[in-house]
Structures are given as C-alpha cells and as structure tokens.
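Structure first, then comments.
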Amino acid sequence: MAKDWLRWHEDYGTAGSSLARRLEVVRAYLERALTEALAGPDGQRRLISMCAGDGRDVLPVLARHPRGRAVRAVLAELDPELARRARETAAELHLPDVDVRTGDAGRADTYRDTAPAHVLLACGVFGNITGADVRRTVAALPSLLVPGGIVIWTRGRGDGGPDASARVADCFAEHGFHELAFTSPSDARFRVGMHRLDGTGSQPVPDRLFTFI
Ligand SMILES: C[S@@+](CC[C@H](N)C(=O)[O-])C[C@H]1O[C@@H](n2cnc3c(N)ncnc32)[C@H](O)[C@@H]1O
C-alpha cells in the first residue's frame, strides 16, 4: 500500500519529535546555503526541492532570509494536497517566485528548466528509493547544479548495521562534492547533510532519476 504522506507530515507538529528536530537542521542549513550560494551573472539564485512535501522546510526560510525573495524556486511534489498546501503557504508568505509543481520529481523534466540550480534539496528522498536510484540521482546532480551549487539532503541511519547515511555521503564524495556540514545526533536516527559541488557536471541527466519504493 502506498505510504500516507499526509499522515507522515503530522509528526512535524509533535514538539521534540525526530521530524521536528530534523526540520530545524534543514532550515538552518538552507539559511547557510542561501548566504553562501553564489549568484549567477544576472544576480539570480535558483532552488529546486525534490519531493517537497508541504514546503515547510523551504518557504519560511525564503520569506525571512535577506536573499530569499530573490530566489526563483521550484518545489516538485506528487501529492496534490501537499502541493496545494505548499502553494497556499507560498501565497501567504508573499513569495511569487515560488513555483509549486504537482508532479513526479523522479523525472528530471519536472524541473529541468530551472537547472542549473544554486541550491537543491533532496529531503525525505534517499530513504525511500533503492540504492541504485540513490547513486543515479547523486550522479546526475552535478549536471543539475551550477559549479559551487549546494545540496541539502537527509537520510535515516536505518535499523542496526552500518549507518545508511554514510553510503549517501560517500556517493556525494565520489561525484565531485565536498561536505559542508553533517548532523548525526546520537539520540535520533535522522541525518542531514550539506554538500557543495566542486567542479562542473558534464554527464547528460537521465530522464528518470528515481522511483519511490
Ligand atoms: C518523506 S516525505 C518528504 C517531504 C519533504 N521533502 C520533507 O522533508 O518534509 C516524501 C515526499 O515525497 C513525495 N513523493 C513521493 N514520490 C514522489 C515523486 N515521485 N515525485 C515527487 N514527490 C514524491 C511524497 O508525497 C512526500 O510528500
């Protein structure tokens, strides 16, 4: 049965929950990414959020960050109700340059027109796709980013065994990124990483990056 992502979002409302704590880290990383991301020659910064949910990690940060309102953002979310909520929040926060697309973030065409991006979020994605899809997606990211582009990502540590986030971090290192920050609380299973692209992507981006399992 497909996962109930509306229900999943409800845990954000529980103070001190792992998800609420993770949200604070993602927002703090995004503040830093917006501060550090280089702008294009036109002064613009572009942001892509894959599987954006209701956008609560991105939208309040764009609204309060000094550079946030100048960011052109595309949030790709498959669930129509979550996308509607994200759109509603963007309107409430007076963020006209936020484009919430109800669509499949596993297909690069959903946001290819916004690439190369200065900041890209893949939060709540890598734990829901196969290892092969994680590798395919991370390998494609350099071609979806400007040189120096920043990715913020999450991954649960998993149940027992080696920490699954380490494989994701290794994958970023193998594809030309270096780590800017990594949070791995000992009393929670969430991990949040932030990586910056050192070089330039030259590989074509495959049409399909991932499929949720
Ligand atoms: C774990 S939640 C993460 C939501 C958000 N990024 C966050 O961290 O709060 C995964 C989200 O991906 C969405 N989703 C699942 N498959 C998708 C797809 N192929 N394209 C876009 N969104 C998808 C779900 O509806 C859900 O909102």
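Take the Cα radius of gyration of segment 154-195 and divide it by 2.2 N^0.38 Å, N being the number of residues; the result is 1.12. For segment 5-197, the share of DSSP beta bridges that are antiparallel, to the nearest 5, is 40%. Over all projection directions, the Cα-based convex hull of segment 55-126 averages an area of 4.7 nm². Placing pseudo-labels 7 Å out from each Cα toward the beta carbon at THR14 and ARG67 gives an inter-label distance of 3.6 nm. Taking a ≥ b ≥ c as the square roots of the Cα gyration tensor eigenvalues, segment 132-213 comes out oblate, since a/c reaches at least 1.5 and a/b does not exceed b/c. Backbone amide hydrogens, once placed in the peptide plane, bring ALA181 within less than 5 Å of MET194, excluding anything fewer than 5 places away on its chain.
Ranked by the mean number of other Cβ atoms within 10 Å of their residues, highest first, the peptides 178-184, 158-164 fall in the order 178-184, 158-164. In nm, to one decimal, how far is the modelled label at THR200 from the one at ASP109, with both set 7 Å along Cα→Cβ? Result for the modelled spin labels: 2.8 nm. Judged by the mean number of other Cβ atoms found within 10 Å, the most tightly packed of the peptides 15-21, 197-203, 94-100 leads the ranking 94-100, 197-203, 15-21. Mean projection of the Cα convex hull over all viewing directions, computed for the chain: 11.3 nm². For segment 26-34, 3J(HN,Hα) computed residue by residue from phi via the Karplus equation (6.51, -1.76, 1.60; θ = phi - 60°) reads 4, 4, 5, 5, 5, 4, 5, 4, 5 Hz, glycine and proline entered as x. Each part reduced to its alpha carbon centroid, segment 19-74 and segment 85-135 end up 11 Å apart. Straightening the chain between ASP170 and GLU81 buys 28.6 nm, computed as 0.36 nm per residue apart minus the Cα-Cα spacing.
Karplus-based coupling profile of segment 18-24, in residue order and whole Hz: 4, 5, 5, 5, 4, 4, 4, with θ = phi - 60° in 6.51 cos²θ - 1.76 cosθ + 1.60 and x standing for Gly or Pro.
Since every read-out is calculated from the coordinates, none of them should be taken as a lab result. Note that the structure is predicted; figures quoted are calculated from it, not measured. Cβ: placed from backbone, ideal geometry, glycine included. Neighbour counts: every protein chain shown.
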